[in-house]
Amino acid sequence: MSITGVYKGLDNVPIKETVISTIDGEKGKLYYVGYSVEELAEKSNYEEVSFLLLHKRLPTGEELKDFSNKLMKERTIPNEIWSILEKTPPGAPLMDKLKAGVDLLGLFDGEAEKTDKAARLSTAIRIISKIATLVAGVYRLKKGLQPLEPDPGLNHASNFLYMATGKKPNALESKIMDVTFILHAEHELPASSTAALVVASTLSDLYSAVSAGIGALKGPLHGGANERALEMLMSIKTPEEAEQYVLRELASKRKIMGFGHRVYKTFDPRALIFKSYLEQLSEMRKDRKLLEIANRIESVMIRELGSKLIYPNIDLYSGPVFNLLGLDKEIFTPIFAAARSVGWIAHILEYWEDNRLIRPRAVYIGPGPRRYVPVDER
Ligand code: ACO
């Protein structure tokens with residue numbers, strides 16, 4: 001069979017059916033199993049959203065209690081893993097430490113190779129729970145601090161923030177962290193979910209698939225933009241300077257971080273939610289500098305590039321929110337990974353219900369068949 005036509009970047013190539021999530025890029029809407037992220041961010045929590053993504057329905061009160069309990073009980077990481085991670089080079093990227101940590105978790109999990117439905121679900125819960133502890137722990141180790149024991153009295157997101165910063169969050173900080181986890185939990189099939197799915201389609205284990213997802217998320221074309229957006233905001237001193245900055249960058253044909261999206265052709269709905277929390281957090285901290293600079297960049301960008309349908313994406317406002325929560329920029333993408341672990345796994349479990357090995361083709365453009373020339377005749 002001759003193969004022609006290349007779907008470069010797999011743009012708009014569907015590789016599975018799903019009931020997990022859908023994006024309406026024209027209207028700027030994102031739904032998890034039919035529920036809008038705006039409503040979930042307002043009324044739900046990460047535990048419930050995780051159940052929703054894994055089971056494709058909302059839990060009953062009893063099911064939610066049981067699921068949250070299971071997540072809480074799985075939070076600890078074996079000491080052997082911490083001592084290995086402690087010996088990794090201090091300057092190595094946090095995403096690499098996280099990836100190594102997930103591989104180690106798989107190595108230490110005696111159930112990792114089990115393939116029945118119940119065992120896979122238990123492994124899923126273990127990964128989703130422990131990955132947040134891993135992110136907080138490798139972050140602290142990199143800062144020369146010891147990882148903290150999880151606090152069973154806190155929910156998943158608040159416990160994460162506590163384990164990362166060492167401080168118990170107040171009500172607003174808690175809500176913002178929960179919303180952060182909800183909004184990063186799932187986004188159909190970006191590169192990281194696709195990478196995880198490719199690994200899982202070989203019937204490899206969940207840890208290997210999640211590790212592949214982390215590798216793909218690390219790249220600056222995917223998860224890495226939030227750090228860069230914050231660097232940009234912090235390098236600008238005043239809103240007036242922000243306007244000059246944007247005009248200068250656009251004149252030099254450089255991209256402004258935190259704007260544009262392959263699917264959204266209007267505001268990313270997650271950006272609008274983060275923006276409203278940035279307003280509240282800036283008010284609470286009595287520090288509106290990053291908010292005002294981001295606002296000015298947003299209005300100049302819409303004035304200059306609105307006609308090209310370039311609008312803010314999630315990364316414009318998530319960085320300053322994390323910054324005001326007291327987190328350093330190197331943990332931003334790992335937070336994304338911790339929250340997205342459930343989306344990766346939900347897609348894998350759905351795909352395994354009717355698995356087909358993902359094996360694309362390449363269009364060969366090299367020389368025709370020819371005779372091998374021994375090295376001393378070349
Ligand atoms: N700043 C300035 N101009 C932009 C931007 C931007 N952020 N984004 C797109 N454009 C312009 C392009 O220069 C191009 O202009 P042209 O038609 O005159 O050549 C046009 O808009 C179309 O842009 P493409 O890059 O072709 O759009 P694509 O869909 O391929 O890219 C992407 C989407 C990669 C997100 C891009 O907008 C970008 O690089 N943004 C900055 C990085 C960023 O914020 N990434 C986070 C994405 S969200 C996430 O991953 C969670």
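Details
- Qualifying residue in region 338-350 (condition: open to solvent by 20 Å² or more (accessible area, probe 1.4 Å) and in contact with a Gly (Cβ under 9 Å, 6 or more places away or on another chain)): no
- For residue 295, the criteria (1) away from the ligand (no atom under 16 Å from the Cβ); (2) open to solvent by 60 Å² or more (accessible area, probe 1.4 Å); (3) touching a residue at least 24 places away in the same chain (Cβ under 8 Å) hold in every case but one, which is (2).
- Residues (within 14 Å of the ligand (Cβ to nearest atom), within 26 Å of the chain's Cα centre (by Cα) and not in a loop (DSSP other than H, G, I, E, B)) located in region 233-271: 233, 259, 269, 270, 271
- Helices (runs of 4 or more DSSP H) enclosed by region 289-378 - at least 1 residues per element that are under 20 Å from residue 255 (Cα atoms), of a type in the set (Asp, Glu) and in contact with a Pro (Cβ under 7 Å, 6 or more places away or on another chain): 289-305
- Test: residue in region 51-59 that is open to solvent by 70 Å² or more (accessible area, probe 1.4 Å), without any contact (Cβ under 8 Å) to a residue 24 or more places away in the chain and of a type outside the set (Gly, Ala, Ser): no
- Contact map, region 303-317: residues that are under 10 Å from residue 272 (Cα atoms) paired with residues that are open to solvent by 10 Å² or more (accessible area, probe 1.4 Å) and within 7 Å of the ligand (Cβ to nearest atom), Cβ distance under 6 Å, separation 6+ or inter-chain. Pairs shown: 312/259; 313/261.
- Within region 83-102, the set of residues being within 19 Å of the chain's Cα centre (by Cα) and either surrounded by fewer than 13 Cβ atoms within 10 Å (Cβ to Cβ) or part of a loop (DSSP other than H, G, I, E, B) (or both) comprises just one member, 93.
- Here is the figure for region 60-70: residues that are open to solvent by 20 Å² or more (accessible area, probe 1.4 Å) and touching a helix residue (DSSP H, G or I) at 6+ places or on another chain (Cβ under 6 Å) total 3.
The values are calculated or read from the model by the stated rules, or taken from the named source; none is laboratory data. Keep in mind that this is a model prediction, so the values were computed, not measured. Positions of Cβ are generated from backbone atoms using ideal geometry, with glycine treated the same way; all protein chains shown enter the neighbour counts. Each accessible area value is taken on the protein alone, full model and side chains, heavy atoms only, with ligands, DNA and RNA left out. Shrake-Rupley method; radii C 1.70, N 1.55, O 1.52, S 1.80 Å.
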